[in-house]
Amino acid sequence: MSQWLKGLLTGGIVAAVVTIVATGAWPGMSRPAAAQFTRLPDGKPNLNGIWAANNTAHWDIQTHRAKQGPVAALGAAFSVPGGLGVVEGGEVPYKPEALAQRDANGENWMANDPEVKCYLPGVPRATYMPYPFQIVQSTDPNDILVTYEFASASRIIHMSTNQEAPIDAWMGWSNGRWEGDTLVVDVTSFVDQTWFDRAGNYHSDALHVVERYTPVGPDVIQYEATIEDPKVFTRAWKMSMPLYRRVERNAQLMEYKCVEFAEELMYGHLGKQPKS
């Protein structure tokens, strides 16, 4: 047998093995269809449940290395885990002056990050913080409630009518619609005091977020958020990630009134007392 033929056969065997490992099936075998998500009586996907991201976007939405935490005396406790970013294309397209502000935010995040003060986290940050959130969906009325464990934040996605926000708010104003099986949420009217992560990535009061929730299995949602802010970014950009349903027995949101810890940090630890 020629060396060329031996190489061809060997390469084919290796390719077949790689296919088996990657797909879990022999070439030519039909793969079982993925289990489908459930639907409500009106035919819309059933997104009810408690969900959570499983990534490091909470620390930095861009790819980042592991590093020491803010308090050296704590050693590895509260260190920052390295992680792949969730920003499509890798980089957030900041304007030059806005990039300088982002860097300044990151250098002083313990003093400036709204999360430290237990302010409402905003959208999309609330989605990928290391705390679960719950989607409550119904058919009559068909508005959707999303409530978050962190700081007991919540928002209503208005599905029946496209309403304008009465005022700017920490969690913005959400109007939703269905595009096939994808829940599309248009979020506007933000205050300018929330960040995207602990790395100092931020926005202005011109922030506009379009979220897309697409179920891809019984317990998985593919989440996308398109970000526009002409005051801070040179163009629109997108982040994406899977969200996973919490399926453990008796899964529920717990109470996390972090404002009590924030007050202790700001007043007790610093030796200050709040004004009466």
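The values are calculated or read from the model by the stated rules, or taken from the named source; none is laboratory data. Remember, predicted model here, so these are calculated numbers, not experimental data. In this analysis, Cβ positions are derived from the backbone assuming ideal geometry, glycine residues included, and neighbour counts consider all displayed protein chains.
Mind checking which residues of segment 233-248 are within 27 Å of H203 (Cα to Cα), part of a loop (DSSP other than H, G, I, E, B) and not polar (S, T, N, Q)?
Once the filter is applied, which keeps residues that are within 27 Å of H203 (Cα to Cα), part of a loop (DSSP other than H, G, I, E, B) and not polar (S, T, N, Q), segment 233-248 yields R235, A236.
Would you mind stating whether Q62 is at pLDDT 95 or above and part of a helix (DSSP H, G or I)? Step through it out loud before you land on a result.
Numbers: at pLDDT 95 or above: yes; part of a helix (DSSP H, G or I): no.
Here the answer is no, as Q62 does not meet what is asked.
When R177 is evaluated against the numbered criteria (1) modelled with pLDDT of 95 or more; (2) surrounded by fewer than 16 Cβ atoms within 10 Å (Cβ to Cβ); (3) within 19 Å of P114 (Cβ to Cβ), which criterion, by number, is the only one it fails?
Answer for R177: the failing condition is (3).
Go over the candidates R198, R155 one by one and state the one that is of a type outside the set (A, V, I, L, M, F, W, C), crowded, with 20+ Cβ neighbours inside 10 Å and over 24 Å from T139 (Cβ atoms). Steps first, please.
Details: R155 fails: over 24 Å from T139 (Cβ atoms).
R198 is the lone residue from the list that is of a type outside the set (A, V, I, L, M, F, W, C), crowded, with 20+ Cβ neighbours inside 10 Å and over 24 Å from T139 (Cβ atoms).
Filter segment 139-156 for residues that are over 15 Å from the mean Cα position of the chain (by Cα), without any contact (Cβ under 8 Å) to a residue 40 or more places away in the chain and not in a strand (DSSP E or B) and give the result.
Matches in segment 139-156: D140, P141, D143.
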